[in-house]
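J.: Have a look at this one.
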Amino acid sequence: MAEKKKAIHTGHRQRMREEFSVRGVEGWPDHRILEFILFYAIPKGDVNPLAHELIERFGSLSGVLDALPDELMKVPGVGNYTVTLLKLFPEVVGRYLEERTEPGQIIHTTAEAGHVLAPYFYGARNEMVYALCLDSKEKVLGVRKISEGNYNNSEVTVRRVAEECLALQASFCYLAHNHVGSPALPSPEDMNATNVVRSILEPLGIHVLDHLVFRDGEMVSIKETAASGRTGGYSMIHLNRWKI
């Protein structure tokens, strides 16, 4: 039986590498992609059962990549090399997507602004605030981190937004923050904070186009929510995590 199992897996890794080189991971289920990743953390042996166990425990490939290191280490067979590699993937992808956002890109819609800002929130475990700064023609000047973990300190937030927008000589900006542990639905505090920031920036010649709320690949526009004028009138946009 052991010899038969060994024969089945002979050349398995090489076959997966060859398949990947031809068409990438198109059509692969989450556990197969994870198995392929694990090849490079665990050089020998059958890692397919471990891939299945990780997916079962954390629910999806993204759930595995976003899991805390301590939680990953509780799974038998997962060691420091595996944890390091799994945590590296979201960081590298986030950096890659950030660098694909070239200064000068024109933002036409809320959805386009969302795809620019989404990478900054991938895997985030703290609440963070960012500003996407645009010139008078709505070209991207830059994305600036405003705060982390102190979003409720509105005085700090407003001052930092103003400083960053003025430093880039921005005419327009999108505000964005993420929710941790709750849906991407604007709270009354979010609505109020948007109005406060807008009222401070307008006299400075900076127009707040929208305030976007993110959570796990979903985004809600506060502007569109307010325009709906009714409870539950949220405009939810499901962002493709890998879209460039």
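Where a number appears in this text, it was derived from the coordinates with a stated rule and is not lab data. Since the model is a prediction, treat every value here as computed from it, not as a measurement. Positions of Cβ are backbone-derived with ideal geometry, glycine not excepted, and every protein chain shown enters the neighbour counts.
J.: Going by average Cβ neighbours within 10 Å, how do the peptides 166-177, 198-209, 70-81 rank, with the highest at the top?
T.: Result, highest mean Cβ count within 10 Å first: 166-177, 198-209, 70-81.
J.: Something else about it: How big, on average over all directions, is the shadow cast by the Cα convex hull of region 37-82, in nm²?
T.: With the hull built on Cα positions only, its mean projection is 2.9 nm².
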